[in-house]
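Working notes, beginning with the structure itself.
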Amino acid sequence: MTYRRRATPLHAARAGAACLYCLALIVAVLVLSSPLMLAVVTVAIAGAGVGAGVGRELLRAARFAVPLALMICVINALASRNGVTVIWRLGDIPLYGQANITLEATVYGAVLGLRAVALILAATLYTVAVDPDEMLALFRRVSFRSALTATLATRIVPVLARDAGRLADAQRCRPGKPPTRVQLMRASTAGALDRALDVAAALEVRGYSTARPRPRARRSWSRHDLAFTASAVAIVALSIATRLAVLAPFQAYPSLRMPLRAGGAATAVALLAIAWLPFADRRGVAR
């Protein structure tokens, strides 16, 4: 799951603006606690993925995130002793005592699982929609060698994955017992060290150890840069205001309390509109 340039507004925006947009969605997930608002942020992330043309990648990430969320929900329901509404009595368990599953612990576990799903989807959106080379270029002013090292690492990882796949295919063609993952990892690691030495030698010959980064021409801010930056600021501001004003209250313990207020519903609609509005302008998104 790697970055690939697509003709979408998010890909047309500069890496800094796109990164701020993804970071704002993550901040909203961490700040908001109401199940309604978390569900709205999750829908906003999914809609942003569709608008950025990476819906399949988010769906692949969801296949991993949803089982993780279910596991979090089950663990919290079994481990938490809080809550007054018992929905299942498990009886006495040695070294644990009386075990009861409460509605409050189950709902709170589901909220934690939903937050985990939203965080994974937001991180996936960043991975597949933000140009890593542009992001690393932002840090060249801080440390040129660190940026170069990180660039090489991100570029070599897919190559190593392809090497491991080719090794597995070659081993399967041989008679006998198929190779284990440890054997494939050992062979890939050995190839990685050889490749790293070759790359280091080539860079040293070309003078990268003493080269200075060339000054880059400043690019003016486009409409997409401004749109996603403004959307990011608005998402963070709206999330913090919603939390401080308690527009979407949620209380899990000792009993569930989740009143639906008009202000919370309006905030949910506004959050969706703010997150999706930058995708409406598709001018200048050519590859």
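Any read-out appearing in this document is the output of simple, stated calculations on the displayed coordinates, not a laboratory observation. Just so it is clear, the model here is predicted, and its values are computed rather than measured. Ideal geometry is used to build each Cβ from the backbone, glycine not excepted, and the neighbour counts take in all protein chains shown.
From the phi angles alone, apply the Karplus equation (6.51, -1.76, 1.60; θ = phi - 60°) to the range 115-127 and give each ³J(HN,Hα) in whole Hz, x where the residue is Gly or Pro.
Along the range 115-127, the couplings run 5, 5, 4, 4, 5, 5, 5, 5, 5, 5, 4, 5, 5 Hz.
Sort Tyr126, Tyr21 so that the residue with the fewest other Cβ atoms within 10 Å of its own Cβ comes first and the one with the most comes last. The partial results should precede the final answer.
Numbers: Tyr126 19, Tyr21 28.
Ranking Tyr126, Tyr21 by Cβ neighbours within 10 Å, fewest first, gives Tyr126, Tyr21.
Rounded, prolate or oblate, given the Cα gyration tensor of the range 1-99, with a/c below 1.5 counting as rounded?
Details: a/c = 3.61, a/b = 2.62, b/c = 1.38.
Verdict is prolate for the range 1-99.
What is the packing order of peptides 81-90, 265-274, 111-120, taking the mean over residues of other C-beta atoms within 10 Å and listing the highest first?
Working: 81-90: 12.8, 265-274: 16.5, 111-120: 21.0.
Ranked by mean Cβ neighbours within 10 Å, highest first: 111-120, 265-274, 81-90.
Please list 3J(HN,Hα) in residue order for the range 33-40, calculated via the Karplus relation 6.51 cos²θ - 1.76 cosθ + 1.60 where θ = phi - 60°; whole Hz, with x for glycine and proline.
Computed from phi, the couplings for the range 33-40 are 10, 5, x, 5, 5, 5, 5, 5 Hz.
Taking R0 as 25 Å, what FRET efficiency do you get between Ala79 and Val246 from their Cβ-Cβ distance, rounded to the nearest 0.05? Show your work: numbers first, answer last.
On the way: r = 28 Å, r/R0 = 1.13.
After rounding to 0.05, the efficiency reads 0.35.
Given the C-alpha centroids of the range 240-281 and the range 44-86, what is the distance between them in whole angstrom?
Computed from Cα coordinates, the inter-centre distance equals 19 Å.
How much length would be gained if the chain were fully extended between Trp88 and Arg283, taking 0.36 nm per residue of separation minus their Cα-Cα distance, in nm to one decimal?
Full-extension gain reported as 64.6 nm.
Under 5 Å between amide hydrogens, which residues at least 5 positions from Ile87 or on another chain qualify, with H placed 1.01 Å from N in the peptide plane?
Distant-sequence amide H within range of Ile87: Ile101, Thr102, Leu103.
Can you tell me the length gained on complete extension of the stretch Leu70 to Arg261, counting 0.36 nm per residue apart and subtracting the Cα distance? Show your work: numbers first, answer last.
On the way: separation 191, 0.36 × 191 = 68.76 nm, distance 2.82 nm.
Gain in length upon complete extension: 65.9 nm.
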